[in-house]
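Enquirer: Dumping the structure here so I can ask a few things about it.
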Amino acid sequence: MYKNISILISLFLLIGLFFFALPKSNVKIDVSEILGIQTERVVVRKVIDGDTIELQDGRKVRYIGVNTPESVHPNKKVECFGKQASNFNKKLVEGKEVELEKDVSEVDRYGRLLRYVYVNGLFVNEYLVKEGYANISTFPPDVKYKDLFINAEGQAREGNKGLWSRCG
C-alpha cells in the first residue's frame, strides 16, 4: 500500500513540476493517458468558491475529498481564508479546460457532480490541500485518494501554509 502511495505522490509531483515549468506553454498534459484513468474534458465557466465550479454546459462540480472555508454560503458567514481559497481556485481553473475523474458517487445531495479535477496535469484537489487552501474531507465510498490528501494536509500544517497560518 505504501508503495502505491509513493508512486502516486511521485507521479503527482512530476506532473506538478511540468505545470510550473511550463506555465505559459500551449503544451497540454493528458492525465488520462499518463495515469491510465478515465476522465472527461470540460471547460470551467466560473469558480463558485474554493471547492466548487460551474462548467461551460451549466453543470456544477464539487471537488471530492476536500473542503475549503466558506465564501459564498447563503446561511453562513464568510469563513477565515474563504476568499483566499476561492481566489486561488479561480487562478487555477477558471476559463480553462480541465479533466474530471469520477470516484464512486455521481452526485452529492445538491445534485453537483462529485469529481477529482486536473488542470494541465495538476491534481487540483490535492494541490488545494497541500498549499493550505483546503482541509481533507473524505466520505466513503469516495476515498480513492484519501491517503494522498492526508499526507498533503500534514505538509501544509507542518509548513504553516495558508489557513493553517491564520485560522485558529
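Enquirer: What aspartates and glutamates sit close enough to Lys102 to cross-link, taking a C-alpha to C-alpha distance under 19 Å and skipping anything fewer than 8 places away on the same chain?
Expert: Cα-Cα hits under 19 Å: Asp30, Glu33, Glu40, Asp51, Glu54, Asp57, Glu126, Asp142, Asp147.
Enquirer: Right, another one. Restricting to DSSP loop positions (anything but H, G, I, E, B) with no more than 16 other Cβ atoms inside 10 Å of their own Cβ, which chymotrypsin sites (Phe, Trp or Tyr not before Pro) remain in region 53-114?
Expert: Loop-located and lightly packed - Tyr110.
Enquirer: So which lysines can Lys83 reach, going by Cα to Cα under 17 Å and dropping same-chain residues fewer than 8 places off?
Expert: Cross-link targets: Lys46, Lys91, Lys161.
Enquirer: Same structure, new question: How would Glu106, Glu94, Glu99 line up from fewest to most surrounding beta-carbon atoms within 10 angstrom?
Expert: Glu106, Glu94, Glu99
Enquirer: Per 0.36 nm of contour for each residue apart, how much would the distance between Ile34 and Gln56 grow if the chain were fully extended, relative to their Cα-Cα spacing?
Expert: Net length gain for the segment: 5.4 nm.
Enquirer: For region 104-139, which trypsin sites (Lys or Arg not before Pro) are in a loop by DSSP, counting at most 11 other Cβ atoms within 10 Å?
Expert: Arg109
Enquirer: Can you put Asp30, Asp51 in order, fewest other beta carbons within 10 Å first?
Expert: Ordered from fewest to most neighbouring Cβ atoms within 10 Å, Asp30, Asp51 come out as Asp30, Asp51.
Enquirer: Could I ask something else about it? With a 10 Å Cβ neighbour count serving as the proxy for reagent exposure, in which order, fewest first, do Glu33, Glu97 appear?
Expert: Lowest count first: Glu33, Glu97.
Enquirer: Would you list, by chain and number, the lysines whose Cα falls below 21 Å from the Cα of Lys77, excluding same-chain residues fewer than 8 positions away?
Expert: Leaving aside lysines fewer than 8 places away in the same chain, those within reach of Lys77 are Lys90.
Read-outs throughout are calculated quantities, based only on the coordinates presented, and are distinct from any laboratory measurement. These figures come from a predicted structure and were not determined experimentally. Glycine also receives a Cβ, built like all others from the backbone with ideal geometry; neighbour counts cover every protein chain displayed.
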